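S.K.: Supplied in structure tokens, the structure appears directly below.
The values are calculated or read from the model by the stated rules, or taken from the named source; none is laboratory data. Here the structure is a predicted model, which is why all the values come from computation and not from measurement. With ideal geometry, Cβ positions are generated from the backbone for all residues, glycine too; neighbour counts draw on all protein chains shown. In case anyone asks, the SASA skips ligands and DNA or RNA and just uses the protein heavy atoms, side chains included. Shrake-Rupley method; radii C 1.70, N 1.55, O 1.52, S 1.80 Å.
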Amino acid sequence: MSSMRAVVCDRLGDPSVLKVKDVPMPEAGPRDVVVKVGAAGVNFPDILSVSGNYQHKPELPFVPGMEGAGTVHAVGSDVTAWQPGDRVIFGVRPGAFAEYVKVTKPDGLMRLPDGWSEIEGAGYRVAAHTAYHSLVHRAAVKKGDVVLVHGASGGVGLAAVQLAKHLGARVIATGGDDARLVVVKRHGGADEVVNYRTADFVAAVKELTGGKGADVIYDPVGGEVLEKSMRAAAYGARLLIVGFTSGGPSKIMSNHVLIKGLTILGVRAGETIARIAPELGRDYVEILPKLAAQGVMRPHISHRFPMERTADAFRALTDRQVIGKAVIEMGAF
């Protein structure tokens, strides 16, 4: 059996437990596609999986990584939509940090848009799926809405800024670093940006909206940010709980929910499509490629690492150094 190189987690812990090892190369079953991986995106759930703190707990040892881009290497006998040589964006759970990956649900593959590098494609899927499920499926953002996006310089935040603008919303984006917020405005197209470390974002949102507040709040940060967001919300606002990169959940005051007529919406894009409402997955297959072809949610890649430095990629993400996405390049040394 042929072998390949992969980033392997054989015990739970901090990023230093990861090692590059030779492992068996996957073979395509009748309904499978094997992709030669060019690059894979790094996401917070990867870090949580390696530490043992993610809701999905793969059996040890496992290869981390949820998304990537590359070239179709082999297809199963029953696969007709794809052929060797096709350039694709893929999702797996887990397994992306490897030279080759087996995709068991090839209907979820997406062609790499013309003009996109595999580096960009590697950072597209998770952020775009999360933003689309949040803003379209859950919050039904419409033209003229004021959308407040927290964590806007991260991958899922920047995608939400781009998509909200495409949907016709006015976007106010927050973050903790002025230099990163410059990218959010230039690459994401945010109408206004607010550094929540140096300014009160609640007061800023109120001032920018004439006292009304935001109609939709997209929050992958959690903690105190979500708690403060209740005060920045307009009457009838939709609050999207996307994640807890601040380190933990928030305490939501039910009296604020009642008085302001708020709707609290949890966002679990992958779980919803996989198990709860798979019919929504057609949007990902049919609509996201069209948006990508228009350049909507095209990733900004600030960090690129070889496989041997996957631990450094994890640390760059946790240390808030990444603007947009960090990726692992499988062919880099």
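S.K.: Out of ASP219, ASP191, ASP215, ASP200, which single residue is within 25 Å of PHE314 (Cβ to Cβ) and acidic (Asp, Glu)? Show your work before the answer.
M.R.: Working: ASP191 fails: within 25 Å of PHE314 (Cβ to Cβ); ASP215 fails: within 25 Å of PHE314 (Cβ to Cβ); ASP200 fails: within 25 Å of PHE314 (Cβ to Cβ).
Matching residue, one of ASP219, ASP191, ASP215, ASP200: ASP219.
S.K.: How many residues are open to solvent by 30 Å² or more (accessible area, probe 1.4 Å) and touching a Phe, Trp or Tyr at 6+ places or on another chain (Cβ under 7 Å) if we restrict to the range 1-25?
M.R.: So the answer is 1.
S.K.: While we're looking at this one, here's another question. Out of ALA169, ALA160, which single residue is touching a Ser or Thr at 6+ places or on another chain (Cβ under 8 Å) and either of a type outside the set (Ser, Thr, Tyr) or open to solvent by less than 70 Å² (accessible area, probe 1.4 Å) (or both)?
M.R.: On the way: ALA169 fails: touching a Ser or Thr at 6+ places or on another chain (Cβ under 8 Å).
After applying the criteria, what remains is ALA160.
S.K.: If you don't mind, there's one more thing I want to ask. Within the range 61-82, can one find any residue that is in a strand (DSSP E or B), aromatic (Phe, Trp, Tyr) and open to solvent by 20 Å² or more (accessible area, probe 1.4 Å)? Quick ask: steps written out before the conclusion?
M.R.: So in the range 61-82, the residues in a strand (DSSP E or B) come out as 62, 67-75.
Now narrow it down to the ones that are aromatic (Phe, Trp, Tyr): 62.
From the residues that got through so far, the ones that are open to solvent by 20 Å² or more (accessible area, probe 1.4 Å) too are none.
No; the residues of the range 61-82 include none that is in a strand (DSSP E or B), aromatic (Phe, Trp, Tyr) and open to solvent by 20 Å² or more (accessible area, probe 1.4 Å).
S.K.: Find the residue count for the range 102-124, including only residues that are assigned to a helix (DSSP H, G or I), modelled with pLDDT of 95 or more and open to solvent by 10 Å² or more (accessible area, probe 1.4 Å).
M.R.: Pass one, the range 102-124, residues assigned to a helix (DSSP H, G or I): 106-108, 118-122.
Next cut, modelled with pLDDT of 95 or more only: 118-122.
The next check asks that each one be open to solvent by 10 Å² or more (accessible area, probe 1.4 Å); those that pass are 118-120.
Residues meeting the conditions: 3.
S.K.: Scan the range 200-215 and give yes if some residue there is buried (at least 17 other Cβ atoms within 10 Å of the Cβ), assigned to a loop (DSSP other than H, G, I, E, B), on the phi > 0 side of the Ramachandran plot and at pLDDT 95 or above, otherwise no. Steps first, answer last, please.
M.R.: Pass one, the range 200-215, residues buried (at least 17 other Cβ atoms within 10 Å of the Cβ): 201-202, 204-206, 208-209, 213-215.
Next cut, assigned to a loop (DSSP other than H, G, I, E, B) only: 209, 213.
Now narrow it down to the ones that are on the phi > 0 side of the Ramachandran plot: 213.
Retained after the next criterion (residues that are at pLDDT 95 or above): 213.
Among the residues of the range 200-215, at least one is buried (at least 17 other Cβ atoms within 10 Å of the Cβ), assigned to a loop (DSSP other than H, G, I, E, B), on the phi > 0 side of the Ramachandran plot and at pLDDT 95 or above, which makes the answer yes.
S.K.: What are the pairs with Cβ atoms under 8 angstrom where one residue, in the range 279-301, is farther than 20 Å from ALA152 by Cα and the other, located anywhere, is β-branched (Val, Ile, Thr) and in a helix (DSSP H, G or I)? Sequence gap at least six, or different chains.
M.R.: LEU280/THR272; LEU280/ILE273; GLY281/ILE273; ASP283/VAL136; TYR284/ILE273
S.K.: Which of the residues belonging to the range 278-300 are surrounded by 18 or more Cβ atoms within 10 Å (Cβ to Cβ), of a type in the set (A, V, I, L, M) and not in a helix (DSSP H, G or I)?
M.R.: VAL296, MET297 - these are the residues of the range 278-300 that are surrounded by 18 or more Cβ atoms within 10 Å (Cβ to Cβ), of a type in the set (A, V, I, L, M) and not in a helix (DSSP H, G or I).
S.K.: If you scan the range 216-237, which residues turn out to be open to solvent by 10 Å² or more (accessible area, probe 1.4 Å), in contact with a Gly (Cβ under 9 Å, 6 or more places away or on another chain) and in a helix (DSSP H, G or I)?
M.R.: Those that are open to solvent by 10 Å² or more (accessible area, probe 1.4 Å), in contact with a Gly (Cβ under 9 Å, 6 or more places away or on another chain) and in a helix (DSSP H, G or I): VAL225, ARG231.
S.K.: May I ask you to list the residues in the range 289-329 that are closer than 25 Å to ASP22 by Cβ and either of a type in the set (Ser, Thr, Tyr) or modelled with pLDDT under 95 (or both)?
M.R.: THR310 - this is the single residue of the range 289-329 that is closer than 25 Å to ASP22 by Cβ and either of a type in the set (Ser, Thr, Tyr) or modelled with pLDDT under 95 (or both).
S.K.: I would also like to ask the following. Within the set of pairs 6+ apart or on separate chains, which have a first residue in the range 84-96 that is touching a residue at least 24 places away in the same chain (Cβ under 8 Å) and at negative phi, a second that is among the aromatic types (Phe, Trp, Tyr) and open to solvent by less than 50 Å² (accessible area, probe 1.4 Å), and C-beta atoms under 7 Å apart?
M.R.: From the range 84-96, the pairs are ILE89/TYR124; PRO94/PHE62.
S.K.: Still on this structure, please answer the following. Any residue in the range 180-194 that is open to solvent by 30 Å² or more (accessible area, probe 1.4 Å) sitting within a Cβ distance under 6 Å of a residue that is in a loop (DSSP other than H, G, I, E, B)? List the pairs, counting only those 6 or more apart or interchain.
M.R.: ARG180/SER153; ARG180/ILE323; HIS187/HIS300
S.K.: Within the range 256-277, count every residue that is surrounded by fewer than 14 Cβ atoms within 10 Å (Cβ to Cβ), modelled with pLDDT of 90 or more and part of a helix (DSSP H, G or I).
M.R.: So the count comes out to 2.
S.K.: Among the residues of the range 26-37, what is the count of those that are under 16 Å from MET66 (Cβ atoms) and surrounded by fewer than 23 Cβ atoms within 10 Å (Cβ to Cβ)?
M.R.: Taking the range 26-37 first, the residues under 16 Å from MET66 (Cβ atoms) are 35, 37.
With the extra rule that they be surrounded by fewer than 23 Cβ atoms within 10 Å (Cβ to Cβ), the set shrinks to none.
Qualifying residue count, the range 26-37: 0.
S.K.: So is ALA152 part of a loop (DSSP other than H, G, I, E, B), open to solvent by 10 Å² or more (accessible area, probe 1.4 Å) and hydrophobic (A, V, I, L, M, F, W, C) or not?
M.R.: Numbers: part of a loop (DSSP other than H, G, I, E, B): yes; open to solvent by 10 Å² or more (accessible area, probe 1.4 Å): no; hydrophobic (A, V, I, L, M, F, W, C): yes.
When the stated conditions are applied, ALA152 does not pass them.
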